Structures are given as structure tokens and as C-alpha cells.
1. Enumerate the amide H contacts of Phe150 below 5 Å, restricted to partners 5 or more residues apart or on another chain; note that Pro and chain-start residues carry no placed amide H.
2. What's the exposure ranking of Ile128, Ile18, Ile65, going from fewest to most Cβ atoms within 10 Å?
3. Give me the net charge for the shell around Ile72: Cβ to Cβ below 13 angstrom, other residues only, Lys and Arg +1, Asp and Glu -1.
4. Quick one: what Rg and Dmax do you get for the chain from the alpha carbons, in Å?
5. Run through the DSSP bridge list for the chain and note the antiparallel percent, rounded to the nearest 5.
6. Report the gain in length on full extension from Lys222 to Lys143: 0.36 nm times residue separation, minus Cα-Cα distance, nm rounded to one decimal.
7. Summing -39500 (n - 2.57) over the DSSP H runs of n ≥ 4 in the chain and dividing by its residue number, what mean residue ellipticity at 222 nm do you reach, to the nearest 500 deg cm²/dmol?
8. About its Cα centre, how strong a charge dipole does the chain have in debye, to the nearest 20, once Lys and Arg get +1 and Asp and Glu get -1 at the Cβ?
Amino acid sequence: MSRTSVGERTGVHKKILITAGPTYEAIDPVRFIGNHSSGRMGYAIADAFARTGAEVYLVSGPTSIHPEQSDIKIISVVSASDMYRECAKLIEEMDIALFAAAVADFSPEKSLDSKIKSEKDELVLKLIPTKDIAAGLGKTKRKDQLFVGFALETEHGIENAKRKLIRKNLDLIVMNTLEDEGAGFGTETNKVTMIDKSGNIDKFDLKLKSEVALDIVEKTLKLLKNA
């Protein structure tokens, strides 16, 4: 597939699962543990795949943005456990899955039913790990499925991304780092490095997330074609 055809109606008749946005892990009815993810990258990927003619399912954490393509099927979730449950329902019928959500790594062991009083001098929370969605679903991945993971790193990015690629049984991992200006949460741009399971490393310049999404779609479809 040529670069000029990506993003157009190219007849890619595949079912695509994409996760996007943050997850919120409730402490009490008004407080939560979360992160600064806007969901822009995942939504841009969903729009790019939808333009190829793919059937796109977007499992999204809380965000204020919306996809441009009206035929994208959105499943809204809040917590990591919600996101895992909805992905597990869909994954068997998917051809491709891209895990772009910034899932919270930890969740309070107990979520209180009533608001914690602010008069407390201190608050001690016991946190437990959330479900690693990509790793969990990667254990059941079929040979005819293609999984893409995402890694936000702060140091030793490529080395850490390679380990995640193997541990989560991924075909491709898209890595960015907070060391690069303009590549963090809440920005309109991103700068990524893609590593596939054959060890190929592709580094990209800083681009708008809509352009990065086209690069990801192009690389994913190339891997699918060559599988």
C-alpha cells in the first residue's frame, strides 16, 4: 500500500480494536487516580483506520474529544477493569488490536462509598496493580491476529519497549518518551519510534498526531500483509 492511499477508502475490510484515553481508578465518589492522557493519539488512529474502510471499535476511557468518523463504534469505560472487560468481549472477532490507552498502573484496593472527609490530617491508600490489558489479551492472541502496543518511557526507551514487545506477545510496539519535547500527554504532536517483532526499528520526526496515526496505520497494514 502506498503512503498516498493510507487514510483514504482503500477497502481494508478488517475489524480493528483500539483503546484510547486514560482510566480513572476511584478512591471515593469524587476522587480518583488517573493520568494526563487526552486520548488524542488513540482517537487519531481510530479515525485513520476508519478512513481505510475498516470496521473500528474504540474502547475509550474518559475524554472530552470525539472521533471525526461517524461510523466508529465507541464503547465508553472508566476504569482499567472496565476497559479489560470490554476488550475481552470483542477481541476474538478482531483482526487487529491497538492498545493505545494510558491505563492506570494501580488502583485503590478499596473504593469508598462515601466522600473522604477533607479534615483528615493524612490519608493512607493501599494500591494494587491493575490488569495489564495488552499482556492479558496477548496470552490468547491467535496467529492470524496482529497486536500493537504503546510505551511511554522516561529513560532507556528502546530497551524497555523491546522487553514489553516480547512480554506482551506483540507484533509491533510504538514508543515515545517524555525526554522529547512535544511528545507527552496533552499535546497535538508526537514523536515515536516503532519496533516490530523482527527487530526492525523505525524512528520518526516530531509530527502532528494525525500524521503519526497514518504512519502507524501504514506500518500495521504492512505487517499484516507480510504475515
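A short reminder: the numbers here are calculations on the coordinates, not readings from a lab. None of the values given here were measured: they were computed from a predicted structure. A quick note on method: Cβ atoms are made from the backbone with ideal geometry, for glycine too, and the neighbour counts reach across all protein chains shown.
1. Phe99, Val174
2. Going from sparsest to densest Cβ surroundings: Ile128, Ile65, Ile18.
3. -1
4. 17.7, 61
5. 35
6. Length difference between fully extended and current span is 26.8 nm.
7. Theoretical 222 nm ellipticity from helices: -8000 deg cm²/dmol.
8. My answer is approximately 740 debye.
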